[in-house]
């Protein structure tokens, strides 16, 4: 916890950062704050009070951002890993508790995440079966599984993740329960972005992430294909907002005695705030054409150079169906799964909201998860795989998701 900070220092620091930031961000569009994420260790007997305490911290941070002209999109609360959260409960009682948590999230307007269901190969796989039922029936709870870590690749977790995705695709409305699950590899705790966010401690921490793809596009429009100039200017502009987030985080931490864990400077896209459009601005061609890899390297290099305490992915997000341009290019066939993995070699975030035909089997899903885990473990970088088969749909047909954050696209034959 951040305790005993001299009175007044965080506020003065914030004002100084805001003044400096304004000078460096002239004529650029301000990004939205995608996520302010709290990490808690819930006691099932007192969890509503704990949720309220976490929301007080999150809302304080939200108010600070709004006072500086930023729009905050979501407040998020991550619990201890699912297996700990429901320890000792029958399946029926666990499902009832998780439904209550899901309902509370709607009432209090936060996004809930119950951490990883499996973190190692010797974890009980029955927790994944429970999670499958949760994801198939509850609309808001998100979760993950850890398919690789410092101890190596978790092949049993990979297999169980494939089984879960197949089950959720077959049993959730429009197959979209898979949107709330990802398999992560080499991702450290306390990142703000979902579904992979997690922690294993006592709670009382928070972190921040931006929706910053618009910043990338505007920088690329000004630097006109200059690699070094693009890296320099993008680093400068991402730093402007990351420094504001850091100052706000430190102020809120001092005021609340929660620990500020850092900023994920990844320039997340959403809908028309498109990383696909940004990269096309740099290359002058459709996403997936020559130069896409170079643009990915520029973005990642700039993100890594932002001088704040970083958490999470700190790289490049390429979520196929959360980005209008990427969804369109996927339909056009300008890139595929292998291309996304190739871009991840210069540090993307892996496979995110990637659609597959309904006939994809558990074995092929496991091979896809295995490829992501292998790449992440080989290069010791955080990657994830959020893949979304569409039950009953074949190659050449459209996906059928009914979600404001997913843009339907064309399914392609599996290699």
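Data table
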item	result
Semi-axis lengths (Å, descending) of the ellipsoid that matches the C-alpha gyration tensor of the range 62-191	26, 19, 14
Kirkwood-type radius of the range 267-399, with distances r between different C-alpha atoms, in Å	15.3
Extension gain, residue 402 back to residue 289 (0.36 nm per residue minus Cα-Cα distance, nm)	37.7 nm
Relative contact order (%) - criterion: Cα under 8 Å, at least six apart; region: the range 41-130	31
Bins of 10 Å, starting at 0 and running to the largest distance - Cα pair percent for the range 131-208	19, 44, 31, 6
Estimated translational D of the range 242-321 in µm²/s (Stokes, Kirkwood radius over Cα pairs; 10 °C; 1.306 mPa s)	112
Percent antiparallel among DSSP beta bridges (both partners in the chain, rounded to 5)	30
Using a Förster distance of 22 Å, the FRET efficiency for residue 129-residue 100 (Cβ separation, nearest 0.05)	0.60
By average C-beta atoms within 10 angstrom, highest first, the peptides 350-363, 315-328	315-328, 350-363
Mean Cβ count within 10 Å, highest first, over the residues of peptides 169-181, 224-236	169-181, 224-236
Sequence ranges 279-286, 240-247, 404-411, 331-338, ranked by mean other-Cβ count within 10 angstrom, highest first	240-247, 279-286, 404-411, 331-338
The range 80-127: relative contact order in percent, alpha carbon pairs under 8 Å with at least 6 residues between	52
Length gained when the stretch residue 29-residue 414 is fully extended (0.36 nm per residue, less Cα-Cα span)	134.7 nm
Compactness of the chain, expressed as Rg and Dmax over alpha-carbon positions, Å	20.4, 62
Cα gyration tensor shape for the range 75-119, rounded if a/c is under 1.5, else prolate or oblate	oblate
Three principal axis lengths of the range 203-264 [C-alpha, angstrom, descending]	45, 15, 13
Kirkwood estimate for the range 297-345, i.e. one over the average of 1/r between Cα atoms, Å	12.3
Percentage relative contact order, the range 160-221, counting C-alpha pairs under 8 Å, at least six apart	19
Helix-derived mean residue ellipticity, 222 nm - over the chain, DSSP H n ≥ 4, -39500 (n - 2.57), to 500	-14500 deg cm²/dmol
All-pairs alpha carbon distance profile, the range 326-367, 10 Å steps from 0, percent	24, 52, 23, 0
Quotient of Cα Rg and 2.2 N^0.38 Å for the range 198-353, N being how many residues it contains	1.07
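Read the figures in this text as sums done on the coordinates, not as results from a lab. This one's a predicted model, so the numbers in the text were calculated from it and none came from an experiment. With ideal geometry, Cβ positions are generated from the backbone for all residues, glycine too; neighbour counts draw on all protein chains shown.
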